[in-house]
Amino acid sequence: MAKPQEKVSFGQRLKQIGMVFQFTAKQDRWFAPLTAAAVLIPLALTVVAVLLWGWIWLPIGILFALLAVLIVLNLRSNKAMMNAAEGQPGAAAQIMESMRGDWRVTPAVSSTTQMDMVHLVIGRPGVILLAEGNPQRVRGLLGQEKRRLAKVIGSAPLHDYVIGQGEGELPIRKLRMTLMRLPRTLTPKDVNALDKRLKALTARPQMPKGAIPKNMRPPRGAFRQTRGR
């Protein structure tokens, strides 16, 4: 479940914006020229407006310049983040956790030792499964999760996506927009109820695969004693 956001002070907010500026500038070579244009064009228009109609236009022009910079920062930082996340294990879950709105994200509900994984997301559009890794292997994981979830989600919609660049796959840069466009078929009350059911399902202990650990094995002779009774 998404944690309630803590209040951020003005100083912390400025520090966060500065970190985003640095990250975006390193990832995007067009960020600096676009930011400069976002500042210079409104200021140039402000100078003209001040000369023609007076100093009242100075604060208005400064506000427009700041707004233009924030718009450029928002657009280019999102693109830079998507480019940096390309091919990184668990990137889809990280993007979902950073999205606005009530998205209940459970990373890697199913995974393999080869870094193939399926993430579970619950939101107003229903239940969403996001698979990352080798397409052949993750489709098997998706099938298992869909069969497991079908027993408890009832009539809630179930969406599944394989993250990647291949045919029939969803590029990670389109993940945010794709999910935001899904129809909101569940109410907040439905989301809470569905989240509780799925948490109860995932909380059930599962039998570990492979050899039984030594500390879980019965003592020697236990089976012979049982048969001898």
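With each label point set 7 Å from Cα along the Cα-Cβ vector, what nm distance links LYS15 and ARG197?
Between LYS15 and ARG197, the label points sit 4.3 nm apart.
If you look for lysine pairs in region 91-202 that are eight or more places apart or on different chains, how many of them have Cα atoms under 24 Å apart?
Details: LYS146/LYS174; LYS146/LYS189; LYS146/LYS196; LYS146/LYS199; LYS151/LYS189; LYS151/LYS196; LYS151/LYS199; LYS189/LYS199.
Close lysine pairs found across region 91-202: 8.
What does the charge count around ALA36 come to, taking other residues whose C-beta lies under 14 Å from its C-beta (Lys +1, Arg +1, Asp -1, Glu -1)? Show your work: numbers first, answer last.
On the way: positive: ARG29, ARG76; negative: ASP28.
Residues near ALA36 contribute +1 overall.
How do HIS119, HIS159 rank when sorted from fewest to most other Cβ atoms within 10 Å of their own Cβ?
On the way: HIS119 25, HIS159 15.
So the ranking, lowest neighbour count to highest, is HIS159, HIS119.
Which shape class, rounded, prolate or oblate, goes with region 91-202 when its Cα gyration tensor gives a ≥ b ≥ c as root eigenvalues, a/c under 1.5 marks rounded, and past that a/b bigger than b/c marks prolate? Provide the component values of the computation, followed by the final result.
Details: a/c = 1.76, a/b = 1.27, b/c = 1.39.
Oblate, since a/c reaches 1.5 and b/c is not below a/b.
Give me MET115, MET177 sorted ascending by neighbouring Cβ count inside 10 Å, so fewest comes first. Walk me through the intermediate numbers first.
Details: MET115 13, MET177 9.
Ordered by Cβ neighbours within 10 Å, fewest first: MET177, MET115.
Over region 20-157, what is the relative contact order in whole percent, taking alpha-carbon pairs under 8 Å and six or more residues apart?
Numbers: 147 pairs, mean separation 21.4, N = 138.
Reported as a whole number, the value is 16 percent.
Any chance you could get the radius of gyration and Dmax over the Cα atoms of region 67-110, in Å?
That works out to 12.9, 43 Å for Rg and Dmax.
Which whole-number percent gives the relative contact order of region 91-202, counting Cα pairs below 8 Å spaced six or more residues apart? Could the numbers behind the result be given before it?
Working: 164 pairs, mean separation 27.5, N = 112.
It comes to 25 percent, rounded to a whole number.
Give the distance, in whole Å, between the Cα centre of region 51-129 and the Cα centre of region 145-193.
Here the two parts' Cα centres lie 18 Å apart.
Treat region 1-154 as a sphere of radius equal to its Kirkwood radius over Cα pairs and apply Stokes-Einstein at 25 °C in a medium of 0.890 mPa s; give the translational diffusion coefficient in µm²/s, rounded to a whole number. Working shown, then result.
On the way: Rh = 19.0 Å.
For the chosen part, D equals 129 µm²/s.
Using only the alpha carbon atoms of region 7-92, find the Kirkwood hydrodynamic radius as the inverse mean reciprocal pair distance, in angstroms to one decimal.
Details: mean 1/r = 0.0682 Å⁻¹.
So the Kirkwood estimate lands at 14.7 Å.
Taking the Cα-to-Cβ direction at LEU58 and at MET99 and moving 7 Å from each Cα, how far apart do the two end points lie in nm?
Here the answer is 4.6 nm between the modelled labels.
Between LEU182 and VAL50, what FRET efficiency comes out of the Förster formula 1/(1 + (r/R0)^6) with R0 = 45 Å and r the beta carbon distance, rounded to 0.05? Mind showing how you got there, number by number?
Numbers: r = 48 Å, r/R0 = 1.06.
It comes out at approximately 0.40.
The numbers here are math on the coordinates, done by the rules we state, and not lab data. Predicted, not measured: the structure shown is a model, and the values here were computed from it. Because the Cβ atoms are built from the backbone with ideal geometry, glycine has one as well, and the counts that use them run over all protein chains shown.
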